[in-house]
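Here's the structure we're looking at; comments come further down.
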Amino acid sequence: MILVKECIMEKFIHGKYSDFVDWQDTDGNVINASDGGIIFVEGKYYWYGQAMRNKGFGLKGTGGQVTDVGVNMYSSPDLLNWKYEGVALAVENDVQSPLCPPLRFERPKIIYNDKTGKYVMWFHYIKAPGDHSFGEGGGEAGIAIADKVTGPYKFLYTLRPIDNEGVVRDCTLYKDSDGSAYFIYDRDETFDVPTRCIHIVKLTDDYLLPSDEYKRIAPCFRREAPAVIFRDGYYYMITSDMTAWEANKAKYFRAKSLLGEWEDMGDPYANDSEGNSFMSQTTYAFRIEGTDSFIHMAEKHNKENFLHCSYIWLPIDFVGDGRLSISYREEWSL
């Protein structure tokens, strides 16, 4: 375990492939925002993610991969120095509540609705004790809203898009330039032969429900951990294979339309000699405000202690002919 001790961060530090590097907030505490995302509001970036526990992997509520806190929030003017803003979406210590811990608010994503003035969060919800299943509470989309980006977020309900049957696994949100929004998720179908494939569902104007418009992304069969960006006429979606907490080889896809035809573009990692995405898994990707530069966010899962997962943030390079590339760097500056 490597602890980054600088009071003021001037660069992103990842260390070697095998290192687990702890990033600290401005109070000197380990940043705890698993599988989250970024939203830019009034001159600041806000980074949020599930608060993991100081434990290794375990089932029936014993492991560190579940939360007994909720979704943490941090803010930064420069993407390097992060101030803790508190718990944006909190658990509720009432055994009758759907938010009673230990549970999972995995892969939370937040977008702002310009029409309603609300911040809307969608996430992968798994009720207590936080184990995947096909039954109710074993994998839904959770929805919460707030008046401020930092919350508090009010939990509304859970649902399964399209037909209320396919189980929700890894997911993300994408807000397009026209204000429309999309829920993108790995759909696990509860049929005789379980199948999993990424689906893209357009949301209603208030971003609170799925609409009837959706697309099964056939090339994304048995892919998860989606992250989407748009540049120069193409939507790009970076995904991982399915190996639970073990790292694996990534693939990315591109399309001219979110609900159109997607093309398999292969591995986005340029120098991934071990074929394991630099021992990490995609969590999000975003444009640096005021630039044409993008950052790919990934997480190196630490099954021995989930509080000490590592964050791997790398620049996305566009190499011509509508292709992208991500190279590992032990450290780098904006």
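The values are calculated or read from the model by the stated rules, or taken from the named source; none is laboratory data. Since the structure is predicted, the reported quantities are computational estimates derived from the model, not experimental observations. Reconstructed Cβ throughout: ideal geometry from the backbone, glycine too, with neighbour counts over all protein chains shown.
Quick notes on this one:
- Residues being out of contact with any Asp or Glu (no Cβ under 7 Å at 6 or more places or on another chain) and either hydroxyl-bearing (S, T, Y) or surrounded by 22 or more Cβ atoms within 10 Å (Cβ to Cβ) (or both) - total across the range 128-140: 2
- Qualifying residue in the range 189-196 (condition: more than 26 Å from A255 (Cβ to Cβ), assigned to a strand (DSSP E or B) and either in contact with a Pro (Cβ under 9 Å, 6 or more places away or on another chain) or of a type in the set (A, V, I, L, M) (or both)): no
- Filter result for the condition that a residue is closer than 18 Å to W47 by Cβ and assigned to a loop (DSSP other than H, G, I, E, B), over E289, E299: E289
- Condition check for D163: among the acidic types (D, E) and surrounded by 23 or more Cβ atoms within 10 Å (Cβ to Cβ): no
- The one condition in (1) farther than 17 Å from A33 by Cβ; (2) part of a loop (DSSP other than H, G, I, E, B); (3) hydroxyl-bearing (S, T, Y) that Y157 fails to fulfil: (2)
- Residues in the range 264-322 that are over 15 Å from W332 (Cβ atoms) and among the aliphatic types (A, V, I, L, M): M265, M279, A285, L307, V319.
- Residues satisfying the stated conditions in the range 299-313, i.e. in contact (Cβ under 8 Å) with a residue 60 or more places away in the chain, of a type outside the set (V, I, T) and closer than 19 Å to K251 by Cα: E299, K300, W313
- Single condition Y214 does not satisfy, out of (1) outside any loop (DSSP other than H, G, I, E, B); (2) in contact (Cβ under 8 Å) with a residue 24 or more places away in the chain; (3) buried (at least 21 other Cβ atoms within 10 Å of the Cβ): (3)
- Condition met for G70 (surrounded by fewer than 16 Cβ atoms within 10 Å (Cβ to Cβ), over 30 Å from S327 (Cβ atoms) and at pLDDT 95 or above): no
- Selected residue (criterion: nearest to the chain's Cα centre (by Cα)) from residues of the range 59-105 that are within 19 Å of G28 (Cα to Cα) and of a type in the set (F, W, Y): Y74
- Number of the condition not met by F253 [criteria: (1) part of a loop (DSSP other than H, G, I, E, B); (2) in contact (Cβ under 8 Å) with a residue 24 or more places away in the chain; (3) under 18 Å from D170 (Cα atoms)]: (1)
- Residue in the range 20-33 that is among the charged types (D, E, K, R), surrounded by 16 or more Cβ atoms within 10 Å (Cβ to Cβ) and either at pLDDT 95 or above or not in a strand (DSSP E or B) (or both) present: yes
- Just so you know, in the range 34-61 the residues that are without any contact (Cβ under 8 Å) to a residue 60 or more places away in the chain and part of a loop (DSSP other than H, G, I, E, B) include one that is nearest to G138 (Cα to Cα), and it is G58.
- Pairs, first modelled with pLDDT under 95 in the range 185-203, second of a type in the set (S, T, Y) and surrounded by fewer than 19 Cβ atoms within 10 Å (Cβ to Cβ), C-beta under 6 Å, six or more apart: E189/T195
- Residues being out of contact with any Leu (no Cβ under 8 Å at 6 or more places or on another chain) and either surrounded by fewer than 22 Cβ atoms within 10 Å (Cβ to Cβ) or of a type in the set (K, R) (or both) - total across the range 168-187: 6
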